[in-house]
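Student: Starting off with a structure, shown below.
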Amino acid sequence: RQGPQPILALVRTLGIDDLNACASRLRGWHKAGVATPLMLTTVDFERSLDAFPIEYGEILASHQVLHGRDPFDGLRIRPEDLRRACEVQAKSHLEDYIEAAGRLSDIEALVRDSAPGFVALLRNLARLEKSAADAPASVGEFAHRRIGLDRHVVDDLIAFGEDDTFAAVDALRLFPDYLKNLERLAAFVDEWRPS
């Protein structure tokens with residue numbers, strides 16, 4: 001099951017007293033089902049768009065303002081930063097397989113644990129190409145049409161992120177096709193250039 005929605009709190013300044021005040025509320029937040037907020041100054045967020053383009057790209061694409069003006073108005077992730085981060089992420093999935101060293105339980109965990117990141121990577125690639133990528137079906141369609149990934153494999157990976165649906169998907173059976181599609185995805189990202 002998915003946990004609480006992540007929260008980003010942008011502030012003008014952030015000192016030790018602010019962090020201690022937040023730490024004193026941590027237990028209450030968790031009891032209420034609220035995620036620990038990521039706290040950054042606005043300046044730090046803007047300066048690190050190039051360092052975390054996938055994570056911050058997700059925030060820019062799907063954020064909801066809870067209080068104040070929209071702090072992201074006018075901010076954009078540079079396509080070359082997002083492409084580079086996507087390449088690193090795609091290739092790290094291949095490295096994770098080597099770490100699993102053929103152990104079946106580790107391979108099963110690898111597929112389950114990496115599925116959300118794999119799907120997020122596809123969403124970000126769709127954004128690079130200005131394709132719709134909000135609904136699971138649009139992510140699967142983009143992956144199949146543009147990258148040539150197996151639609152059934154992508155649909156199974158998407159299912160891992162949905163409540164209780166993952167139980168119907170056999171991660172070990174999926175793994176060989178997952179690996180083939182991951183290699184194809186890594187090659188696509190490596191060759192991608194803005195049009």
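Bear in mind that the values in this text are calculations on the coordinates, not laboratory data. If you're wondering where the values come from, they're calculated on a predicted model, not measured in any experiment. Positions of Cβ are backbone-derived with ideal geometry, glycine not excepted, and every protein chain shown enters the neighbour counts.
Student: Consider a paramagnetic label point 7 Å from the Cα of residue 60 along Cα→Cβ; state which residues of the stretch 113-145 have an amide N under 12 Å from it.
Tutor: Inside the label zone: 127-128.
Student: Applying 1/(1 + (r/R0)^6) with R0 = 41 Å to the Cβ-Cβ distance of residue 76 and residue 106, what FRET efficiency is obtained, to the nearest 0.05?
Tutor: Taking R0 as 41 Å, the efficiency between residue 76 and residue 106 is 0.60.
Student: Using the Kirkwood radius over C-alpha pairs as Rh, can you work out the diffusion coefficient of the stretch 1-64 via Stokes-Einstein at 10 °C, viscosity 1.306 mPa s, in µm² per second?
Tutor: 121 µm²/s
Student: To continue, here is another question. Which whole-number percentage describes the relative contact order of the stretch 1-150, with Cα contacts under 8 Å and a sequence gap of 6 or more?
Tutor: In percent, rounded to a whole number, it is 17.
Student: Principal axes first, then extents: for the Cα atoms of the chain, list largest minus smallest coordinate on each axis, whole Å, largest first.
Tutor: 50, 42, 29
Student: Suppose a student asked you for the relative contact order of the stretch 1-51, using Cα pairs under 8 Å spaced at least 6 residues apart; what percent would you report?
Tutor: So the answer I get is 54 percent.
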